[in-house]
Amino acid sequence: MMTRAEERVRRPVPTEPLTRPGGDGDGPSKPDVKRPDTNELLKRMRRIDPEQARRYRQRSGQ
Amino acid sequence: MNRLLGIETEYGLYVEGRGVAEQVMEAVGLLRSCPFPAVKGCWDYRLEDPRRDMRGFRVEHLAVDPNDAQIEREHPISLSEREARCDHVLTNGARLYNDHAHPEYATPECRRLMDLIAHDKAGERILLACARAYQEKIGATVKLYKNNTDYHGSSYGTHESYLLKREVNFDVLASTMTPFLTTRQIYAGAGKVGVEVNPNPRVPYQISQRADFYMDTMNVETLYRRPIFNTRDEPHARMREYRRLHVICGDANMSEYATTLKVGTTTLVLDLLEDGWTVNLFIVDPVRTAQSISRDPDGKWLVETDKGVMSAIDLQRRYLQAAQQRFAGRDAETDWVLREWETVLNLLETDPELLGDRLDWIAKRQLLSLFAESEGVSLDDPAMIALDLAYHDIDPAEGLYHALVEQGRMQTLTSEEAVQQAIQHPPADTRAAIRGLCVQRYPSQVESVNWERIILNSGEQSVRIDLSQLTGDIRDLTRRLMAASDITEFVNLLQSPRRASEPHKEAQQ
């Protein structure tokens, strides 16, 4: 565990930690994949139980 | 950027077959299942003072939500306050505990935006691991949602903390921050189906999860009568030198980009204030304005100010332009925030749908629209609320935000490696490193701990470690502490008068 922390301390600070969206480096990255169609998304959404929102009740927080 | 930052997130908790009456016990059960090493039950509340107001007084009582008070009266719990809080301090310097029946993860103090994003995401992973362990233990479905509402009128918070110099006058701070906080939802909102206060069927979708719950422009409250500008005066650092801006009006962002932009722009506005700049205008009715912007996602977002009517985008540009003039070229993170802030404001004006890969409220609306078109239902169909909730499900196998990331439809900023690192380790350049090292190395010697103080039992005596003045970059001190061979050397390093006088070079820039 301490070895990993040491690595973190020694890791060079990137001079350009954030770049333009879609750029390279340590900044924002959009996976280099062709946008799939929406079927998978729709499948995932159809799996959502529509009753879950009705059941979902919370105590009030901060 | 060079300011102590943090995000506290209260997670929504669903346990199959249980209701609000059991929520405190379920939150405790979940936290007791935490599979990560931690110091437990030692949080030191003695330095906390949530009733102290920046305006120079202390309120007698904090307001409570009357519905919630009724639940508490009708369903008392048999735990002590300490048992109910179930405090954990983790090896990464974070705090994990039960806050008003919500498992809350408070990131360790960070200095760099990229560290903060990694630690915010690490919090999701840590809570997910707790939920899975608890689910296995009780044999019922356990789900956690990183959002701010149950869609039935109960809200819970995602708060941001920013340390700033106390020399910034309170009136100047409040008057410049309030217009900014009222309007930043146009890029920081998480999106919400419906309206929870004064239901209005003409508003099927709004920008902000939290706007329905604003009741005052400013006050010290957090549980009820929530304000846009919170006046709590609890710096968690030396009171005479620092304030902490405690932002409670924001939404829980799933998008890393939105979180970064939200925190980055707010940091720059504080930089402006410390540089002597003020916005020099005020919004006539901030609460009404925030709610009208939120409830009109395709509107012009007009804001009535003492200087006339302007759009929320142009109001944000006032802050942006001042920051560009003063801070462009200062460092890479600042330049990223300035560039993306400008890009986002321009796109919100010309083609907001292009921001569906960056901003939560637009990404979520595009998802809902896709479903509505496919299934032949309208945006105010009750099923939409379930989809809204599912967007915030932190389980990557089920959450809709995670489905977008999986399919390459959301831009991400941090890496899996950084998140894994953040689950175990604190940032090396803030006082959180000292807290994390104590938990990693000397967990049984920690007598008490909080944001600004640790009491260690180093053998025959208790030693008080004061972190309140360690607000600079402490990487050099962290290196020396990591090299300490035992607790005596560790404590001696912390008690040396040289420790705070040798800040890392970057902290002096």
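The values are calculated or read from the model by the stated rules, or taken from the named source; none is laboratory data. It should be emphasised that the depicted structure is a prediction, and the values quoted were computed from it without experimental measurement. Here the Cβ positions follow ideal geometry from the backbone for every residue, glycine too, while neighbour counts run over all protein chains shown.
A few comments on the model shown:
- Here B:Phe213, B:Phe229 are screened, and the one residue that is closer than 25 Å to B:Asp393 by Cα and buried (at least 21 other Cβ atoms within 10 Å of the Cβ) is B:Phe213.
- Matching residues, segment B:395-404, being surrounded by fewer than 22 Cβ atoms within 10 Å (Cβ to Cβ) and part of a helix (DSSP H, G or I): B:His402
- Of B:Tyr187, B:Tyr97, B:Tyr145, B:Tyr162, all but one fail to be of a type in the set (Phe, Trp, Tyr) and within 11 Å of chain A (Cβ to nearest Cβ); the exception is B:Tyr145.
- Against the criterion of being polar (S, T, N, Q) and touching a His at 6+ places or on another chain (Cβ under 8 Å), B:Asn67 does not qualify.
Conditions tested, residue by residue: (1) more than 16 Å from B:Ile186 (Cα to Cα); (2) within 14 Å of chain A (Cβ to nearest Cβ); (3) surrounded by 16 or more Cβ atoms within 10 Å (Cβ to Cβ); (4) of a type in the set (D, E, K, R).
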site	(1), (2), (3), (4)
B:Arg339	yes, yes, yes, yes
B:Leu347	no, yes, yes, no
B:Thr350	no, no, no, no
B:Asp357	no, yes, yes, yes
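- Test result for B:Ala363, crowded, with 22+ Cβ neighbours inside 10 Å and more than 30 Å from B:Asp388 (Cβ to Cβ): no
- Hits in segment B:307-333 (condition: in a helix (DSSP H, G or I) and more than 15 Å from B:Lys262 (Cβ to Cβ)): B:Ile313, B:Asp314, B:Leu315, B:Arg317, B:Arg318, B:Gln321, B:Ala322, B:Gln324, B:Gln325, B:Arg326, B:Phe327, B:Ala332
- Every pair of residues 6+ apart whose Cβ atoms lie under 8 Å, when the first sits in segment B:266-285 and is in the same structural domain as B:Tyr162 (by TED's automatic domain parsing) while the second is among the acidic types (Asp, Glu) and surrounded by 14 or more Cβ atoms within 10 Å (Cβ to Cβ): B:Thr266/B:Glu160; B:Ile283/B:Glu304; B:Val284/B:Glu304; B:Asp285/B:Glu304
- Single unsatisfied condition, B:Asn148 versus (1) of a type in the set (S, T, N, Q); (2) more than 26 Å from B:Lys262 (Cβ to Cβ); (3) crowded, with 21+ Cβ neighbours inside 10 Å: (2)
- For B:Arg202: the one exception among (1) more than 21 Å from B:Val279 (Cβ to Cβ); (2) crowded, with 23+ Cβ neighbours inside 10 Å: (2)
- The residues of segment B:50-63 that are surrounded by 14 or more Cβ atoms within 10 Å (Cβ to Cβ) and in contact with a strand residue (DSSP E or B) (Cβ under 9 Å, 6 or more places away or on another chain), listed by number, are B:Pro50, B:Arg51, B:Arg52, B:Asp53, B:Met54, B:Val59, B:Ala63.
- One residue from B:Val28, B:Val89, B:Val24, B:Val64 being assigned to a strand (DSSP E or B) and at negative phi: B:Val89
- With respect to the stated conditions, B:Arg111 fails to be more than 30 Å from B:Thr259 (Cα to Cα) and under 24 Å from the mean Cα position of the chain (by Cα).
- Of all residues in segment B:190-224, those that are under 19 Å from the mean Cα position of the chain (by Cα), within 14 Å of chain A (Cβ to nearest Cβ), over 29 Å from B:Thr343 (Cβ atoms) and of a type outside the set (Asp, Glu) total 6.
- Index of the failed condition, B:Glu74 passing every other in (1) surrounded by 13 or more Cβ atoms within 10 Å (Cβ to Cβ); (2) over 23 Å from the mean Cα position of the chain (by Cα); (3) touching a residue at least 12 places away in the same chain (Cβ under 8 Å): (1)
Here is a yes/no grid of residues against (1) without any contact (Cβ under 8 Å) to a residue 40 or more places away in the chain; (2) more than 28 Å from A:Arg54 (Cα to Cα):
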{"position": "B:Tyr391", "(1), (2)": "no, no"}
{"position": "B:Ala403", "(1), (2)": "yes, no"}
{"position": "B:Gly408", "(1), (2)": "yes, yes"}
{"position": "B:Ala433", "(1), (2)": "no, yes"}
{"position": "B:Ser444", "(1), (2)": "yes, yes"}
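- Residue, farthest from B:Ala328 (Cα to Cα), within segment B:2-17, restricted to residues that are more than 10 Å from every other protein chain (Cβ to nearest Cβ) and outside any strand (DSSP E or B): B:Leu4
- The single residue among B:Met25, B:Met54 that is at pLDDT 95 or above and more than 26 Å from B:Pro108 (Cβ to Cβ) turns out to be B:Met25.
- Within segment B:367-386, residues that are in contact (Cβ under 8 Å) with a residue 40 or more places away in the chain and more than 7 Å from chain A (Cβ to nearest Cβ) reach partners that are assigned to a helix (DSSP H, G or I) and small (Gly, Ala, Ser) with beta carbons closer than 6 Å, at six or more positions or on different chains, in the pairs B:Leu379/B:Ala372.
- Pairs are defined by a Cβ separation below 6 Å, a sequence spacing of at least 6 or placement on different chains, a first member in segment B:229-249 that is at pLDDT below 95, and a second member that is buried (at least 22 other Cβ atoms within 10 Å of the Cβ) and assigned to a loop (DSSP other than H, G, I, E, B); no pair meets this definition.
- Pick from segment B:395-425, criterion of a type in the set (A, V, I, L, M, F, W, C) and closer than 15 Å to B:Ala118 by Cα, ranking: nearest to the other protein chains (Cβ to nearest Cβ): B:Leu413
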